[in-house]
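For reference, the structure discussed in these notes is given below.
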Amino acid sequence: MSNAPKVRGAFLTALNRPVLVRPSDAEATIVLDAATIPADVSLPVVVRLGEETYEVTATPRGEREISGRVALVTGGAQGFGAEIAKGLVDQGCFVFIADLNGDGAAAKCAELGAELTHPIIVNVADEESVAAMAAEVERVAGGLDLVISNAGIVRAGSVLEQDTSAFRLSTDINYVAFFLVTKHLGGLLARQHEAAPGWLTDIIQINSKSGLVGSNKNAAYAGSKFGGIGLVQSFALELVEHGIKVNAVCPGNFYDGPLWSDPDRGLFVQYLNSGKVPGATTIEDVRAFYEAKVPMRRGTTGIDVLRAIYYIVEQAYETGQAVPVTGGQVMLSA
């Protein structure tokens, strides 16, 4: 482990703003072992802590609290994840786009701008891969402020017919992976917090309305998402002492994304083939059936989810919550 999170934490405390901390071969102008950081320090600046030297640079800062933060989005190469990544970059955030699809992550970074993004190849269900992702974040940025655990899959099917392997895959990607991401990136956030006790950070799971209500012939997905809410609440209780808020966003259906619209494995195809929608004979029938369930008569979009993320980050007095973004399809009750 490096001193980078400690250096980043020291600057978060001194400047009360996000920074990037990267290894440097230049001569240090501040030695943290012997000096405090002046509140009026100009960035970039080269500092040394112990035997390690780092360049500290600023990220673009705007009016919103989320602006300029260092964020990571799993499953960030497509779908909701790609829209979230774009929205964060638009706010001046530096965004790690982490995805099993390395080419897709690299292409999304090139599209959004290499100066504010960094691609990482990760299998979120594999602990070694997730640990390597956390190490890469530490190397490139010194720490981070926001984790969006977005990667997920759906394998719909009747409990009477579904293969156990499909059920386990849903659990591994939607449930176990959230544990692994929180374990390793939460550990990095906790180390950073030691030097920045007044700086709050966020872990947000992109859950689902199926984490709030059951889903017919889709138990593997709904069960893993219900479990995710339990993890959110439990992690929130534990990690608050490290200044980490843990919450979930529970979107409705994102009909235009690959999860629903992929012509081979999308939910429209899966639900049509599994007979989940009575009388449906085409994908259009399935879509119309689901849109009719939403009081606002449309699916969820990326900006809907982004607004929920902005709220969670900006609301300092909120942790352990599951925020529905469903157009009224699922409403919270006491």
Problem set entry | Residues located in the range 201-217, provided they are open to solvent by 10 Å² or more (accessible area, probe 1.4 Å) and in contact with a Ser or Thr (Cβ under 7 Å, 6 or more places away or on another chain) | K209, K217
For this session: Please verify whether the range 37-53 includes one or more residues that are under 21 Å from V147 (Cα atoms) and either in a loop (DSSP other than H, G, I, E, B) or open to solvent by 50 Å² or more (accessible area, probe 1.4 Å) (or both).
Result: no
Problem set entry | Unmet requirement for Q321, which otherwise passes all of (1) out of contact with any strand residue (DSSP E or B) (no Cβ under 8 Å at 6 or more places or on another chain); (2) open to solvent by 70 Å² or more (accessible area, probe 1.4 Å) | (1)
For this session: Report yes if some residue within the range 236-243 is assigned to a helix (DSSP H, G or I) and under 17 Å from the mean Cα position of the chain (by Cα); otherwise report no.
Result: yes
Exercise. So A220 fits all but one of (1) under 17 Å from the mean Cα position of the chain (by Cα); (2) surrounded by 19 or more Cβ atoms within 10 Å (Cβ to Cβ); (3) in a helix (DSSP H, G or I); (4) assigned by the TED database to the domain that holds G76; what number is the exception?
Worked result: (1)
Seminar exercise, completed: Within the range 92-111, restricting to residues that are without any contact (Cβ under 8 Å) to a residue 40 or more places away in the chain and open to solvent by 30 Å² or more (accessible area, probe 1.4 Å), the one that is nearest to V181 (Cα to Cα) is N101
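Suppose the filter is of a type in the set (D, E, K, R), over 23 Å from Q78 (Cα atoms) and surrounded by 16 or more Cβ atoms within 10 Å (Cβ to Cβ); does K276 pass it?
yes
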Exercise. Just one of the numbered conditions (1) out of contact with any His (no Cβ under 8 Å at 6 or more places or on another chain); (2) surrounded by 15 or more Cβ atoms within 10 Å (Cβ to Cβ); (3) not hydrophobic (A, V, I, L, M, F, W, C) is not true of G243; which one?
Worked result: (1)
Exercise. Which of (1) open to solvent by 30 Å² or more (accessible area, probe 1.4 Å); (2) modelled with pLDDT of 95 or more; (3) under 17 Å from the mean Cα position of the chain (by Cα) does R139 not meet, given it meets every other one?
Worked result: (3)
For this session: Would you point out the residue of the range 266-282, among those that are over 21 Å from G327 (Cβ atoms), assigned to a helix (DSSP H, G or I) and without any contact (Cβ under 8 Å) to a residue 60 or more places away in the chain, that is nearest to the chain's Cα centre (by Cα)?
Result: V269
Exercise. Across the range 246-258, what is the total count of residues that are over 17 Å from G327 (Cβ atoms) and open to solvent by 10 Å² or more (accessible area, probe 1.4 Å)?
Worked result: 1
For this session: Filter the range 11-36 down to residues that are part of a helix (DSSP H, G or I) and more than 23 Å from V95 (Cβ to Cβ), then give me how many there are.
Result: 2
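Of all residues in the range 189-200, how many are in contact with a strand residue (DSSP E or B) (Cβ under 9 Å, 6 or more places away or on another chain) and open to solvent by less than 10 Å² (accessible area, probe 1.4 Å)?
So the answer is 2.
Looking only at the range 57-70, decide whether some residue is more than 30 Å from A107 (Cα to Cα), among the β-branched types (V, I, T) and surrounded by fewer than 19 Cβ atoms within 10 Å (Cβ to Cβ). Lay out the reasoning, then the answer.
Just the residues of the range 57-70 that are more than 30 Å from A107 (Cα to Cα), to begin with: none.
Checking the range 57-70: not a single residue is more than 30 Å from A107 (Cα to Cα), among the β-branched types (V, I, T) and surrounded by fewer than 19 Cβ atoms within 10 Å (Cβ to Cβ).
Yes or no: L231 open to solvent by 10 Å² or more (accessible area, probe 1.4 Å), modelled with pLDDT of 95 or more, in contact with a helix residue (DSSP H, G or I) (Cβ under 9 Å, 6 or more places away or on another chain) and among the hydrophobic types (A, V, I, L, M, F, W, C)?
yes
With more than 19 Å from the chain's Cα centre (by Cα), farther than 28 Å from I204 by Cβ and modelled with pLDDT of 95 or more as the only criterion, which of V56, V46, V41, V31 stands out?
Working: V56 fails: farther than 28 Å from I204 by Cβ; V41 fails: modelled with pLDDT of 95 or more; V31 fails: modelled with pLDDT of 95 or more.
Every option except V46 fails the conditions.
The values are calculated or read from the model by the stated rules, or taken from the named source; none is laboratory data. Only a predicted model underlies this, so the values are computations on that prediction, with no experimental measurement involved. Note that we place each Cβ from the backbone using ideal geometry, even for glycine, and neighbour counts take in every protein chain shown. Heavy atoms of the whole protein, side chains included, go into the accessibility calculation; ligands, DNA and RNA do not. Shrake-Rupley method; radii C 1.70, N 1.55, O 1.52, S 1.80 Å.
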